[in-house]
Amino acid sequence: MSKTIHEINQKIARKTVRVVTADEMAGIVSALGVEKAASEVDVVTTGTFGAMCSSGVWLNFGHSDPPIKMTRVWINDVEAYAGVAAVDAYLGVTQPSETLGMEYGGAHVIEDLLLGKPVVMRAVSNGSDCYPLKELVSEITLADLNQAIMSNPRNAYQRYNAAANSGARTLHTYMGTLLPACGNVNFSGAGELSPLMNDPDYDTIGIGTRIFLGGGIGYIGGSGTQHNPGSQFATLMVQGDLKQMSTEFLRAAVFHGYGSTMYIGIGIPIPVLNAGIAKKTAIRDRDIETHVVDYSVASIQRPILGQYNYEELKSGSIRLNNRDVPTAPLVSYSKSKHVALKLKEWIEQGIFSLSEAVAAIPAQGSARPLPVKQPEARPARFYRRRPAMSSRHATATISWNEERCISCGHCLGICPRQVYRRDEQWRVWADYEPCNKCGLCENVCPVHAIEIRKK
């Protein structure tokens, strides 16, 4: 038997859909078999609520009067990246405050905005004719922003290595505090509730899939950075409207000695289209294994101390180096289940429908280390300075690099001698016979395809 997403959405509209959470599905499959389970269950909801450092928001502030082209922006003394447009900036959750240090960061700014608190935005600029304002300070709230789009390049890890520390001193890491002599083991990943563990072959999860994100509706934009499905370390890139979200499912946090991060709730519905998908959603914690690696070694190739499944890790202790070592999760399993239940509730109430993916998540990925190489000398164009506007050169030659030219047309309207022309396809060409080497074209060319050289 098979179903389609369209047929399931019709059940959602009629409120006759049967939805179960991922941790319930294994029992249903065990009791009924995969064929019967696939017939009776329409949707399996998943959930994860863990620290996802690779997250942030795009903010659009709107134009001030007079306007400013923001070159640097701070919000509550946390810098946001402003090198994208005049009044847009990207605020990453791990960016620390310049006054409070690691105890307050981008995640806390996002949480303050969600709570309706006013924050102080400060921006500076070099100034230009179209954006004359050079400094701006303003108190703003989330409601004042035109857009606040959560855009996370790497979320919802399929699973993650667990961490221990065989060294002699306590370590403070993104995997939490690790006691010396393997005094504890911390682990992450939502186990049997993990979205990507329930659809490891991306039968239903794909680009464009509608998801639960931070208490609002979001979408999968593609595979996440460091996507490495071959070793079950797949990741997702996700996006959603921050204004729809809530601090119930987005929480700022600080890992001692590491800095700020943000706990994010993500839930993905898995439509049970056939028996094969039903079987995959019946995965249990004991079926999912991960390595415990030694963080005392300062290398990306950390030694493996052992391999354990999530049932063992969630038991509270594991046998490591011939002794019992306490284990603790960095993912909140109660909140992960809450995410799955909330998504189930939305679907049953008919306020969340399933979506067809517009493209597949790549089955191959890359999480290679960075090759560190001594850089060669920079090309001269990195250091090139433009001459003063309209500077005449009595004895000079002008050259136009056709390969570099992108036919943008800047030169067409600026040249007083109509040296530059275009054909019917808007391809630019030059006739330098009437040129007086005034330099206007060289100044306006955005790709340095025009150059005037003194003889």
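Please give me, ordered by residue number, the trypsin sites (Lys or Arg not before Pro) of region 143-235 that lie in loop per DSSP and have at most 11 other Cβ atoms within 10 Å. Provide the component values of the computation, followed by the final result.
On the way: sites: 154, 159, 169, 210; in loops: 159, 169.
When the trypsin sites (Lys or Arg not before Pro) of region 143-235 are filtered for loop state and at most 11 Cβ neighbours within 10 Å, 169 remain.
Within a 10 angstrom radius of the beta carbon, how do 286, 302 rank from fewest other beta carbons to most?
Working: 286 14, 302 17.
Lowest count first: 286, 302.
For region 305-356, which trypsin sites (Lys or Arg not before Pro) are in a loop by DSSP, counting at most 14 other Cβ atoms within 10 Å?
Answer by residue number: there is no such site.
Among 28, 406, 5, what is the fewest-to-most ranking by other Cβ atoms within 10 Å?
The order, fewest Cβ neighbours first, is 406, 5, 28.
Which whole-Hz couplings ³J(HN,Hα) result when phi for each residue of region 64-71 is put into the Karplus expression 6.51 cos²θ - 1.76 cosθ + 1.60, θ = phi - 60°, listed in order with x for Gly and Pro?
Result, rounded to whole Hz: 7, 10, x, x, 9, 9, 5, 9.
Under 12 Å from the Cβ of residue 248, count the other residues' Cβ atoms, weight Lys and Arg +1, Asp and Glu -1, and hand me the total. Before the final figure, lay out the partial values.
Numbers: positive: 251, 335, 342; negative: 111.
Counting the neighbours of residue 248, the net charge comes to +2.
Determine, from the Cβ-Cβ distance of residue 322 and residue 169 and an R0 of 25 Å, the FRET efficiency 1/(1 + (r/R0)^6), rounded to the nearest 0.05.
E(calc), rounded to 0.05, equals 0.65.
If Lys and Arg each add +1 and Asp and Glu each add -1, what is the summed charge of the other residues whose beta carbon sits under 12 Å from the beta carbon of residue 340?
On the way: positive: 335, 337, 342, 344; negative: 23, 24, 192, 345.
Counting the neighbours of residue 340, the net charge comes to 0.
Loop by DSSP (not H, G, I, E, B), at most 10 other beta-carbon atoms within 10 Å: where is the longest site-free stretch of the chain for GluC sites (Glu not before Pro)?
That gives 1-375 as the longest site-free run.
Extent of region 40-92 along each principal axis, from alpha carbon coordinates, in Å, largest to smallest?
62, 22, 17
Show the residues, 5+ positions off or on another chain, whose built amide H is closer than 5 Å to the amide H of residue 147.
Sorted by chain and number, the residues that satisfy this are 60.
Can you tell me the relative contact order of the chain? Whole percent, Cα pairs under 8 Å, sequence separation 6 or more.
Worked out over the chain, it gives 19 percent.
Taking R0 as 60 Å, what FRET efficiency do you get between residue 307 and residue 427 from their Cβ-Cβ distance, rounded to the nearest 0.05?
Step by step, r from the Cβ atoms, then E = 0.50.
Give the dimensionless ratio obtained when the Cα radius of gyration of region 1-135 is divided by 2.2 N^0.38 Å.
1.70
Using Cα pairs closer than 8 Å and at least 6 residues apart in sequence, work out the relative contact order for region 98-186, in percent.
Taking the mean separation of contacting Cα pairs over the length of region 98-186, I get 17 percent.
Which value in Å is the Kirkwood Rh of region 62-145 over different Cα pairs?
On the way: mean 1/r = 0.0770 Å⁻¹.
It works out to 13.0 Å.
Could you pull out every one of the lysines with an alpha carbon less than 30 Å from that of residue 279, ignoring same-chain neighbours closer than 8 positions?
In chain and number order, the partners are 3, 11, 15, 36, 314, 335, 337, 342, 344.
Arrange the following residues from fewest to most other Cβ atoms within 10 Å of their Cβ: 204, 247. Mind dumping the intermediate values first?
On the way: 204 24, 247 15.
Lowest count first: 247, 204.
If you add up the charges near residue 413, with Lys and Arg at +1 and Asp and Glu at -1, over every other residue whose beta carbon is less than 13 angstrom from its beta carbon, what do you get?
+3
Rounded to the nearest 500, what is the chain's calculated 222 nm mean residue ellipticity when only DSSP H runs of at least 4 contribute -39500 (n - 2.57) each, over all residues?
-4500 deg cm²/dmol
Throughout, read-outs are computed from the coordinates displayed, never taken from laboratory work. Nothing here was measured: the structure is a model prediction, and the numbers come from that model. All Cβ positions, glycine included, derive from the backbone under ideal geometry; neighbour counts span all protein chains shown.
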